[in-house]
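Have a look at the structure below before the remarks.
The values are calculated or read from the model by the stated rules, or taken from the named source; none is laboratory data. The structure presented is a predicted model; accordingly, all values stated were derived computationally and were not measured. With ideal geometry, Cβ positions are generated from the backbone for all residues, glycine too; neighbour counts draw on all protein chains shown. Just the protein is used for accessible areas: all its heavy atoms, side chains included, with ligands, DNA and RNA removed. Shrake-Rupley method; radii C 1.70, N 1.55, O 1.52, S 1.80 Å.
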Amino acid sequence: LPPRHMDSVVQIVEALESTDYGFTGTVPELARALGGCSTPGCRAVLGEPPDVPPAPPTLSHEQWLLFTQLLHQDAAAPERGTVLAPDGSTVALGPLLAGIEVGLKRAAGWPVPTIEPPIDALYAVTITEVLGTSFLLARDGDGNQATLGPGGCWDDVDDPQNYTLLGPPSPIPDAVANGAMDGVLLGAQVAQAPIPLADLLRVYYGTGNGTEKGRPPSSYRRRDFGMLTGPGKLEEEVAAMLRVLRVLPPTRALLEDVGPEEVMAIARQAAQDFTEVYVECPAIMPRCMWGARPYRGTPKSLTLPLGSVYIHHTFIPSVPCRTFAACAHDMRAMQRFHQDTRGWDDIGYSFVVGSDGYLYQGRGWHWVGAHTKGYNSKGYGVSYVGDFSATLPDPDAIALVRDSLLPCAVRTGRLHRNYTLRGHRQMGRTDCPGNSLFHEIETWHGFK
């Protein structure tokens, strides 16, 4: 089959939009016919799905098979409906296309479905039904049931075919969260100014080598979703959706013993947790996504929470990386240097900061690094890709650590509330992290 990449999806959509093959609806409606949005809440909002048409003559057998597979929703294996985007994130197509369908219908003057209580259709088909259901099902569990996540990894980022989750699945693995946020953002956009779907996806994800020019809009999804959707809005819509599910025959039994106060408590928790994990905390590329070699030997575990953070710059590579491909390449080069030349067990840093909107996992949250001699077990080592002796990282790369990673580490219990922040040069004989970056971090919370 073609690679499970957003480029393949854009090619399929373009072929479908370029011809009339006996299906009268839009591509998102075709996606729903193939099973892309088949939950009770989605049916209540968008109606029963259309009949599946015969395979369109403009697509090859393999393209049609791929599109069908990507839209066949399997609750037991949500990772099957996902594709890799050029920014390195993984996106579920179901919620993405459902959000765009609502946007297109609104642009065409669609009469809002009369559902009681009233709900925002854009949020209902993308995030609030699955979010409310996830937290509803977990409330009777043993406390270990996952409600959000996990992330996952592709077998081959150049020819992605299989995506494997990195832990026990919840109804909202990272790919579903990404697809839902993108569905909300693009649905809201096309409701204002409809454009062909292939163009919309191409611009947003930077497909067809667009990312070589810099960051695509998809790499800003967390920021943009947070700006569009305050936690209050999300909580309100999850609560409204749960009240709708209470009256729909397929889901009535799920909510028959849940009182109004408990509905509000579930909605509050769901909105709060989703916002923390997917809006306030930064996206971190796992090691398997950048192509890490294995750790040599046995890693030593950190005792959390830690009290310090040490800021570095890589110096070499000296140029900031602005695409997933460039950052992944730089991570592999640094790991080779640290393992083969320095003789260390692994890449030394805890986390590395790209200028593509993502953090890259080095040793990560739980393992002692090799970044700040004498202090590796006392703090995290966070390094910016580039030489920042005379220039600063991009403003949003600065904000990624200062406003996102550090507060997130405190909230999740990995870093003490009263942590200290220092530049590498304060702990040893080095110019790192460069004069410009050092003067910048002197203004950050926790700097000593």
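Distance from the alpha carbon centroid of the range 23-68 to that of the range 167-246 works out to 20 angstrom. Only one residue of P111, A33, L66 has its Cα farthest out toward the positive end of the dipole of the range 1-111, where Lys and Arg carry +1 and Asp and Glu -1 on Cβ, and that residue is P111. For the range 97-168, what does the alpha-carbon gyration tensor say about shape, rounded, prolate or oblate, given a ≥ b ≥ c as the root eigenvalues, a/c under 1.5 as rounded, and a/b over b/c as prolate? Since a/c reaches 1.5 but b/c is at least a/b, the shape of the range 97-168 is classed as oblate. Normalised by the number of residues in the range 306-442, the average gap of Cα pairs under 8 Å and 6 or more apart makes the relative contact order 35 percent. Which shape class applies to the range 180-307: rounded if a/c is under 1.5, otherwise prolate when a/b exceeds b/c and oblate if not, where a ≥ b ≥ c are the square roots of the Cα gyration tensor eigenvalues? The shape class here is oblate.
In whole Å, what three semi-axes, largest first, describe the equivalent ellipsoid of the range 6-280 built from its Cα gyration tensor (square root of 5 times each eigenvalue)?
Ellipsoid half-lengths, sorted descending, are 29, 21, 18 Å.
Under a GNM of the chain (C-alpha, springs under 10 Å), which listed residue has the highest mean-square fluctuation: T303, T82, T314? In this elastic network of the chain, the residue with the biggest mean-square fluctuation among T303, T82, T314 is T303. Summary value for the range 99-219: 32 percent relative contact order, contacts being C-alpha pairs under 8 angstrom separated by 6+ residues.
Helix-only estimate, please: 222 nm mean residue ellipticity of the chain, summing -39500 (n - 2.57) across DSSP H runs of length 4 or more and dividing by its residues, to the nearest 500.
-11000 deg cm²/dmol
Taking M264, M285, M227 in turn, the Gaussian network model of the chain (Cα-Cα springs below 10 Å) assigns the largest fluctuation to M227.
Look at the alpha carbon pairs under 8 Å that are at least 6 residues apart: their mean separation over the length of the range 6-280 gives a relative contact order of 22 percent. Simple rule: put +1 on each Lys or Arg Cβ and -1 on each Asp or Glu Cβ in the chain, find the dipole, and look at V353, P260, T207; the Cα lying farthest toward the positive end is V353. Among L93, L245, L131, the largest mean-square fluctuation in a Gaussian network model of the chain, built with springs joining Cα atoms closer than 10 Å, belongs to L245.
Bridges between two residues of the chain, per DSSP, are antiparallel at a rate of about 35%. Cβ distances below 4.7 Å define possible disulfide partners, and in the chain the cysteines left without one are C432. Over all other residues within a Cβ to Cβ distance under 12 Å of T303, the charged ones net out to +3, with Lys and Arg as +1 and Asp and Glu as -1.
Cα centroids of the range 252-323 and the range 421-448: 25 Å apart.
Measuring from centroid to centroid over Cα atoms, what is the spacing of the range 329-397 and the range 70-109 in Å? Distance between centres, Cα-based: 33 Å. Surface composition of the range 6-280: carbon plus sulfur atoms contribute 53% of the solvent-accessible area (1.4 Å probe, protein chains only, all chains present). The Cα atoms of the range 306-442 give a gyration tensor whose axes a ≥ b ≥ c have a/c under 1.5, which makes the shape rounded. For K233, the aspartates and glutamates whose Cα comes closer than 13 Å to its Cα, not counting residues fewer than 8 places off in the same chain, are D120. Think of each Lys and Arg Cβ as +1 and each Asp and Glu Cβ as -1; about the Cα centre, that makes the dipole of the chain roughly 1840 debye.
Bridges between two residues of the range 306-442, per DSSP, are antiparallel at a rate of about 20%. Per residue, the accessible area of the range 1-79 comes to 45 Å², computed with a 1.4 Å probe over protein heavy atoms only.
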